[in-house]
Amino acid sequence: MAVAEVRVTLKKGVADPEGRNTLKALELLGFEGIREVRSVKVFEVEMGGRKTEVMKRVEEMCTKLLANPVIHNYSIAIK
C-alpha cells in the first residue's frame with residue numbers, strides 16, 4: 001500500500017482570497033509581523049501498486065481533477 005500526498009498551491013500572481021482573509025483575521029487577533037498567508041490543499045491518496053505506477057496514476061489524477069493547470073501548481077510525494 002502506498003500513500004501519495006498531493007499539495008496543490010495557487011500559481012504566483014493568482015489571487016488567494018482565503019489566504020488574504022486569514023491574514024486579516026490574524027492581524028485583527030493581534031498577531032504582528034505576518035508577511036503573507038497562502039492557502040494550500042493537501043490530498044492523501046492511498047492505493048496499491050509499485051511506486052512508479054502509483055506516481056503515474058496520481059499524476060493523471062492531478063491533471064484530470066485535483067489541480068487546474070491554469071491556476072495551480074502541484075507536487076506529489078509518495079510515502
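Derivation of every value follows stated rules applied to the coordinates shown; laboratory data play no part. What you are looking at is a predicted structure, and each value in this text was computed from that prediction instead of being measured. Positions of Cβ are generated from backbone atoms using ideal geometry, with glycine treated the same way; all protein chains shown enter the neighbour counts.
Some notes on this structure:
- Pairs linking a residue in segment 57-79 that is part of a loop (DSSP other than H, G, I, E, B) to a residue that is of a type in the set (D, E, K, R) and surrounded by fewer than 17 Cβ atoms within 10 Å (Cβ to Cβ), with Cβ atoms under 7 Å and 6 or more positions apart or on different chains, are Ile71/Lys11; Lys79/Glu5.
- Close pairs (8 angstrom Cβ cut-off, 6 or more residues apart or separate chains): over 22 Å from Thr9 (Cβ atoms) in segment 24-42, part of a helix (DSSP H, G or I) and of a type outside the set (Lys, Arg) anywhere: none
- Restricting attention to segment 21-40, the residues that are outside any helix (DSSP H, G or I) and surrounded by 14 or more Cβ atoms within 10 Å (Cβ to Cβ) total 2.
- If you go through segment 41-66 and keep only what is touching a helix residue (DSSP H, G or I) at 6+ places or on another chain (Cβ under 9 Å) and surrounded by 11 or more Cβ atoms within 10 Å (Cβ to Cβ), you end up with Lys41, Phe43, Val45, Met47, Gly49, Val58, Leu66.
- Top-ranked residue of segment 1-20 - restricted to ones that are farther than 26 Å from Lys79 by Cβ and surrounded by fewer than 10 Cβ atoms within 10 Å (Cβ to Cβ), ranked as nearest to the chain's Cα centre (by Cα): Lys12
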